[in-house]
1. Among the residues of the stretch A:1-36, write down those that are part of a helix (DSSP H, G or I), within 20 Å of A:L210 (Cα to Cα) and not hydrophobic (A, V, I, L, M, F, W, C).
2. Scan the stretch A:70-93 for residues that are in a loop (DSSP other than H, G, I, E, B), more than 7 Å from chain B (Cβ to nearest Cβ) and crowded, with 19+ Cβ neighbours inside 10 Å and jot them down.
3. Residues being of a type in the set (A, V, I, L, M) and within 15 Å of the chain's Cα centre (by Cα): count how many of those fall in the stretch A:395-414.
4. Filter the stretch A:103-122 down to residues that are away from chain B (no Cβ under 14 Å) and open to solvent by 10 Å² or more (accessible area, probe 1.4 Å) and give me whichever is nearest to A:P141 (Cα to Cα).
5. Could you tell me which of the residues A:G273, A:G255, A:G236 is among the small types (G, A, S) and open to solvent by 20 Å² or more (accessible area, probe 1.4 Å)?
6. Take the stretch A:183-215 and flag every residue that is more than 23 Å from A:D245 (Cβ to Cβ), in contact with a Phe, Trp or Tyr (Cβ under 9 Å, 6 or more places away or on another chain) and in a helix (DSSP H, G or I).
7. Taking the stretch A:45-62 only, how many residues are away from chain B (no Cβ under 13 Å), crowded, with 24+ Cβ neighbours inside 10 Å and not in a helix (DSSP H, G or I)?
8. Evaluate the stretch A:323-346: report whether one residue or more is over 22 Å from A:L394 (Cβ atoms) and open to solvent by 40 Å² or more (accessible area, probe 1.4 Å).
Amino acid sequence: MGQPSRIIVLGIDGVPYSLLSDLIKRGELPRFAQFAAETGLRQMDSVQPTVSSVAWTSYVTGRQAGKHGIYGFIERKPDEYAMTIPLSTSVAVPNIWEVLSAAGKRVFGMNVPVTYPPRAVNGILIGGFLCPDIAKVANPPQVGCYLRSVGYEIDTDAMLARKSKDLMLPNIYKTVDARMEAMFHFLAQEKWDYFHTHIMATDRLNHFLLGRYEAGESKDVDEFVRFYRKLDEYLGRLLDVLPNDAAIVVMSDHGFCPIKSEVQLSRYLVEKGWTVPAGERPRHPLDIDPSRSKVYSLIPGRIRVNVRGREPAGVVPPEEFRQVRDEVARDLRALHGPDGGPVVRETLRREELYWPAGQSGPDADMPLDRLLTTDTAFGRGPDLVVVPQDGYDLKMGMAAPETFVNTALEGMHTFHDALIMSRGVDLPEERFAIPNVTRHVLQTLGVDPPDDMD
Amino acid sequence: MPPKSKSAGRTTIKIPTPLYHKLSGLIEGAGYNSVTDFVVYVLRDLAGQCDEEGGKLSGRETKQTRQKLKNLGYL
């Protein structure tokens, strides 16, 4: 194809490179196979922490979390030890739809995580699964009327999945069918230069069925693969109607692996004396006694030191910050699972992983006052990120009876196994991570990436 | 614009007298010093629930969203 004048992005949340490769090899996915043979199926790194809110915000802003400020699905409230849910209002920089709108491009986005409430763009933006009500999901709002008419669901119902797979699967199909109907409708009816649709159901399926698929339980394997075949059909339909001048990128945001055990990390920190709950029965995951807690954790594997002057009632003197953090990291790396193996692959310090806007790489010698800054996207980040071994899914669970538990969840996210395929967007030859994709999408459309984009 | 304050940091609002009497009965033995204290407690709680992300999620919506995140293992 010549130089594309527009781009479609199809996000398939949490589809692992290794799983898709395997299904292609087994002949289960003919359209993915054809597309992969033509474009090259590539493995891509995700982000830390490896969770969709961080990963997709990194894609839509083209920046790592230290610049956009989303580090997970929950955060501590600014002035108290209580939880808040970050929404698009917490994203500190413009997203790709805004950048393209400012350049005069017409845009469309549907269901990408952390896009609710949908910002005003030159086109249509439909928020992601944190939106509680279809009446509020779209900008402009009247789009919600159309969505309602086709039975659009903002997300699958995870409560059904917790109850039984037989309840989950019809719900997943219904959600994806309506999403795809909406996608083909907007694709045909709207004028667009950038068109981004997100499928969340793949992540949900992998969370609740991957373990049985990997274990080879035959009925479950069939049902698992049947859903991926459905996805294959939809990709085929999309490729069949793709305009000649349109590039297409198909990508996931992280991989998946079966869960050996969920790990109640806050409970472990309580055991080791680093965190002290507010009472015998904490009311929520951040219900700590700040006067006796040196650190606390947020899911997944995010550690904040309870530093005096930065935290609402911090007790650790700033000059002891690095020492406390190193000691906690040592304790975390010493955690072993029920099988005796290590739970933690590595612990990463804030300045190794994130860096402020305007800075282009890690700064191991970052001065303390800059490291402990509070009022920026970088300042909201964790002081330490715990990266687990595959199979150990990090939770909080301060009051959990056991550190290691198993629930209905069967699959957990992995960092190294996201995927990407592209026709018409030139990607780096060397290995790259999800925040690095965006600038290439913008450049394909002839739009200069913002200066601090990664 | 709030109504005129009778004292620094306090503002008078009016509620129906029957409701006032009903609340007086409700708080008997519950540890509140006055109906005013009880009303302030309830309203603070309600306002806190509506405060999530600058009012983008109401108290009920926040509860729903937290439950959703919990079901997914993200909370």
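1. A:Y17, A:S18, A:S21, A:D22, A:K25
2. Within the stretch A:70-93, A:I70, A:Y71, A:G72, A:Y81, A:P86, A:V91, A:V93 meet the criteria.
3. Going through the stretch A:395-414 one residue at a time, the tally reaches 1.
4. The selected residue is A:A120.
5. Every option except A:G273 fails the conditions.
6. A:A201, A:T202, A:D203, A:L205, A:N206, A:H207, A:L209, A:L210, A:R212, A:Y213
7. 4
8. Yes, some residue in the stretch A:323-346 is over 22 Å from A:L394 (Cβ atoms) and open to solvent by 40 Å² or more (accessible area, probe 1.4 Å).
The values are calculated or read from the model by the stated rules, or taken from the named source; none is laboratory data. Please read all numbers here as calculations on a predicted model, not as lab measurements. Ideal geometry is used to build each Cβ from the backbone, glycine not excepted, and the neighbour counts take in all protein chains shown. For accessibility, only protein heavy atoms count, side chains too; no ligands or nucleic acids. Shrake-Rupley method; radii C 1.70, N 1.55, O 1.52, S 1.80 Å.
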